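The block underneath contains the structure these notes are about, expressed in structure tokens.
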Amino acid sequence: MLKTVLVRELRDWSREGRVRWAFGIVATLLAVATVIGWQAYRQMAAERASAQTEDRRVWDTQGAVNPHSAAHFGRYVFKPTTPLSFVDRGVNSYLGVSTRLEAHTQTPSRHRPVDDAPAIARFGELTAAAVMQVLVPLVIVLLGFGTFAEEREHGTLRQVLSTGVSPRLLTLGKGLGMGVALLVFVAPLALLGSLALTWFGPGGEAGVLLRFAVLLLAYLTYFAICIGVCLAVSARSATARTALVVLLACWMVNSLLVPRLASDVAARVAPVPSSDVFFERLRDDMRNGLDGHDPGDVRAEAFKQQVLAEYKVARVEDLPINFDGLALQESEAHANPVLDHHYGQLWRQYEQQAVLQRWLAPLGAPLLALRPVSMAMAGTDWEAHRAFTAQAESYRRVFVEHLNLHMARNSRYGDWDWKADDAFWRSVDEFRYSPPEVGATMMAQIPNFAILGGWALAAWTFVGWSLHRRALEN
Amino acid sequence: MFRIVARHEWRLLLADRAAVVILGVFVVFSGYAAWTGADAARARQTAVQQVVAAEAVRRAEQRRELEAPKGTEPPAAAFPWSPRDVATLPPSALGALAIGQSDVLVGTANVGLFRTPADMFPAYSTENPATLAGGRFDLAFLLAYVLPLLVLGLSFNMLTAEREASTLPLVLSHPVGVGTLLAGKVVVRGLLVAAVVVPVTLLGVLLGRPVPLGAGDGWLLFGLVGLILGYLAVWLGVAAFVNVRSRSSAVNALALGSVWLATVVVAPALLNLALSVWYPAPSRPMLVNQERATLVDAQRRGTEVLGNYYQQHPELLPVASRDGADPIDNSTRAYWTVVQQAFAETTPALHAHAAALEEQRRFTERFRYLSPAVVLVDGLSEIAGTGPSRYADFRHQAVEALSNWVAATSPHLLRGQLFTASEVVALPTFAFREASRAEYVSRLSPIAAGLVVPAVVIWVATLWRVRRTRGV
């Protein structure tokens, strides 16, 4: 009986012109977005790898330069793009692609794609994720708004129920039918995506394929929520028109209004300081210490006395090493906790905003729970960028220390004309980035998985309750 | 007959609880959106004031240092690289209307002797990228995305409700044609929506203004009203066109929803996709590497670059001071000429990059007319002063200010002369020049046409459809 209901639903939909058009258009958009997304990933991956190689070459061939000048000339590291960015580009357009590593300071990443993009970029990109998050639910509405309401209006629902099929079986059949129909979108994406990742991507690493599988599972859960809501509203609506209007309103709330309101409310409740204020506070604390009572000149004098005592000499000129190199490294050691404090505070504010947005998801927008999962699995969220930034900063500290100590050990105090050569630059270790483990990423998304699961349970419980009441009233 | 129809429709609409609720919800959303825009505009104003105040304090300190130097060494403020200026873009009085590009584009610039146009603009932002990606709930968003839904919600079943209730034949049995009936319904709905949306928007913009209105802002408000009415006309036309022949409200809802989705959501996203394929953004990482390689090369030629500079500008050779000492280290001069030389050598690459971005901008300006929502948002951003044009003006003026500054201060560096207090006071300071009314008109005219022309086309098509229909 279930199979009969399922086959009948699929046949009815395949005969409806508007359904065929909707499927055709959305499937085409999904295919185009996926193909272009894949091309963009490959192109960006090649560009950034090339930029990293070129940066290394520039560093290695900078010629005879004082190590501290080289520390200010610095290095650039370019964040690699992740394979699954072809599905969901996340917030990549608003994240810098390069991070400058230089002495004395940690700088946020720069050269965001949005800085160079025209104003229309703010309307959103057409990615596979955007199609599945925004357009596929509309297709679900189209398939499902009249599922029960239209049959009730035409009087055929009573006839179907009189054949002995239970409301639950009927609902399951219709729901499964919609799910099977949606495989038109999901199956090609899953198959082609897996093939592309395995053959043309990063060698088909298990982590990437697992991320892809979890990503698709999240979207299937989201579709199940949409199908449940659709069936429940159709069951409870007196007419198909009412069901359609209510479902379109739900779609608008989920896809348009609540996500915007959520990011707005989060920004209002947990505002981040402007760049000017942030860097002003950072500079103040660098000068005067975190507690405001540790000024740089006092600190420098204390350090000098400490080193003189350690080497048992009276003057810095008598030290067997270059005191300038040690002093530079000491200023780095002082600056690092200040940087950790301020950047840590900023990143905690970002987390607060993310948590606030998450708490709005149960209030009418499962999309607010799906989006972070999708971006996290694709490696295109803020957390993935933060992991890169943290590793780049760790490398910066080691890199600058290497330069400072080389200067301290190989030159004399006051000799700022002393230079290191290309052989030394080539000996500096290269930065190697390790993306977060998929397990850690999934653990961080547990609250969002829970919200999606809660929504699925609520939606289908609502379906069961609605059918029960309607069947009785029928 | 038109007046009778209109009066009747007016009473029906006001008695319709759903219509009142929808309008009420829109008013509440408008209030929130205006609050968001006003907050953002005031935050920008505060940031500008803080920067200007800090700069004023710094200048005052430098002046005191120059007027009453301590000790025998020249004060730090006297050296040519010490004086500096900050260029700021003040928010416009109508800034509460649209956040636009103000949250991603830079409105400050550092002007100093060692700055170049490549590094004078701050490169960092602390704004949460997730908030930027999610977008803000401002009046521009509400008008572009939600206003059409409001209009379609009130008018999707203008005629089909009567057809479905079988009252249409009864109405048309009176001496009133479909055209008059439709006109009455459309005009009443248009007036009702306009009567709510226009005052609420104007009130939100005026109450939330970060700075007092200027002499030229009145006609911008007039332009704002025009854009809203033009956009309203487009969507009312679409609703009327669909209603004329349709027999089902559900079909109307689907059709109108599809049109909204296609023009407001899908078309801009497709344009972005086309842009990424045909006019991809030039590579910033490669430009960065090019700049660095050029700087390294220029540094290697350090003193040679300085020597060449003096050869080309012999009038800037160091002047012997009274005691014969040169207060400025030659390596500092060499570094300055290296920086200038490296920038000059990178300029072709920077121009190529800018030209590629300009191609992108022209492409989007040409094809934005496919989506009235994009046209409206562009127009609202221009009026709010948060559009790319005003930021482009600011960048241009800031670069000009830097050029003037370097021209005023570099001779001191190269000749080995220190600044006096009066010389520092006489240095140029930046003041942003707003675009003239003629420039604003030239920017807003294509936008206005981008709404008027589709509205006219849709209404002509609707009238043609009405003439061909038998009505019932």
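The table below gives the values:
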quantity: Relative contact order (percent, whole number), segment B:345-472, Cα cutoff 8 Å, 6+ residue spacing; calculated: 31 percent
quantity: Helix-only [θ]222 nm of chain A, DSSP H runs n ≥ 4, -39500 (n - 2.57) each, per residue, nearest 500; calculated: -23500 deg cm²/dmol
quantity: Loop-located chymotrypsin sites (Phe, Trp or Tyr not before Pro) in segment B:207-290 whose Cβ has at most 10 other Cβ within 10 Å (DSSP); calculated: none
quantity: Rounded to 10°, Cα long-axis angle of helix B:372-384 versus longest principal axis of chain B; calculated: 50 degrees
quantity: Loop-resident sites, segment B:397-472, for trypsin sites (Lys or Arg not before Pro), counting at most 14 other Cβ within 10 Å (DSSP); calculated: B:433, B:470
quantity: Within chain B, helix-based [θ] at 222 nm, where runs of 4 or more DSSP H residues each add -39,500 (n - 2.57), nearest 500; calculated: -23000 deg cm²/dmol
quantity: Relative packing of A:316-324, B:102-110, which averages over residues the other C-beta atoms within 10 Å, highest first; calculated: B:102-110, A:316-324
quantity: Footprinting exposure proxy for A:275, B:92, B:276 (fewest neighbouring C-beta atoms within 10 Å first); calculated: A:275, B:276, B:92
quantity: Helical segments meeting 24 Å axial Cα length and Kyte-Doolittle 1.0 threshold in chain A (DSSP H); calculated: A:167-199, A:206-236
quantity: Residue mean of other protein chain beta carbons inside 10 Å, B:342-355; calculated: 0
quantity: Candidate lysines - alpha carbon under 21 Å from residue A:312, same-chain residues fewer than 8 apart omitted; calculated: A:304
quantity: Inter-chain shielding of B:251-259 (mean C-beta neighbours from other protein chains, 10 Å cut-off); calculated: 4
quantity: Solution diffusion estimate, µm²/s, Stokes-Einstein, segment A:131-201, Kirkwood Rh from C-alpha pairs, 37 °C, viscosity 0.692 mPa s; calculated: 227 µm²/s
quantity: Centre separation in Å (Cα based) which lies between segment A:120-186 and segment A:208-243; calculated: 8 Å
quantity: Percentage relative contact order, segment A:1-97, counting C-alpha pairs under 8 Å, at least six apart; calculated: 35 percent
quantity: Between segment A:333-359 and segment A:268-289, the Cα center-to-center distance that results, in Å; calculated: 12 Å
quantity: Partner chain coverage, peptide B:143-152 - average Cβ within 10 angstrom; calculated: 2
quantity: Amide H within-cut-off set for residue A:420, under 5 Å, with H built and near neighbours excluded; calculated: A:65, A:66
quantity: Calculated P(r) tail over 34 Å for chain A, as whole % of Cα pairs; calculated: 49 percent
quantity: Per-pair calculated FRET efficiency, R0 = 45 Å: residue A:430 and residue A:39 via Cβ, rounded to 0.05; calculated: 0.95
quantity: Nearest-20 debye value, segment A:1-42 charge dipole, Cβ charges on Lys, Arg, Asp, Glu; calculated: 100 debye
quantity: Electrostatic dipole magnitude of chain B [Cβ: Lys, Arg +1; Asp, Glu -1; Cα centre; debye, to 20]; calculated: 2240 debye
quantity: Net charge over other residues, Cβ less than 15 angstrom from the Cβ of residue B:225 (K, R count +1; D, E count -1); calculated: -2
quantity: Within segment B:179-220: backbone nitrogen closer than 20 Å to the residue B:2 label point (7 Å, Cα to C-beta); calculated: B:179-195
quantity: Relative contact order %, chain B, counting alpha carbon pairs below 8 Å whose residues are six or more apart; calculated: 28 percent
quantity: Histogram of C-alpha separations across segment B:354-404, 5 Å bin width, %; calculated: 5, 18, 19, 24, 18, 9, 5, 2, 1
quantity: Loop chymotrypsin sites (Phe, Trp or Tyr not before Pro), segment A:83-170 (other Cβ atoms within 10 Å of the site Cβ: 15 or fewer; DSSP); calculated: none
quantity: Environment charge of residue A:248, counting only residues whose C-beta is closer than 15 Å and scoring Lys/Arg +1, Asp/Glu -1; calculated: +2
quantity: Charge context of residue A:103, other residues only, Cβ under 9 angstrom, K/R +1, D/E -1; calculated: -1
quantity: Segment B:159-278 shape via C-alpha gyration tensor axes, a/c threshold 1.5; calculated: oblate
quantity: Rounded tilt (10° steps) of B:284-300 against the dominant C-alpha axis of chain B; calculated: 10 degrees
quantity: Cα pair distances exceeding 49 angstrom across the protein assembly as shown, given as percent; calculated: 32 percent
quantity: Check: segment A:174-269 dipole with +1 on Lys, Arg Cβ and -1 on Asp, Glu Cβ, in debye; calculated: 340 debye
quantity: Gain in span if fully extended, residue B:56 to residue B:171, counting 0.36 nm per residue against the direct Cα distance; calculated: 34.1 nm
quantity: Extension gain from residue B:72 to residue B:362, taking 0.36 nm per residue of separation minus the Cα-Cα distance; calculated: 98.5 nm
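Readers should treat all values here as calculations from the given coordinates under stated rules, not as data from a laboratory. Small disclaimer: the values here were computed from a predicted structure and weren't measured. No Cβ is skipped: glycine too gets one built from the backbone with ideal geometry, and neighbour counts run over all protein chains shown.
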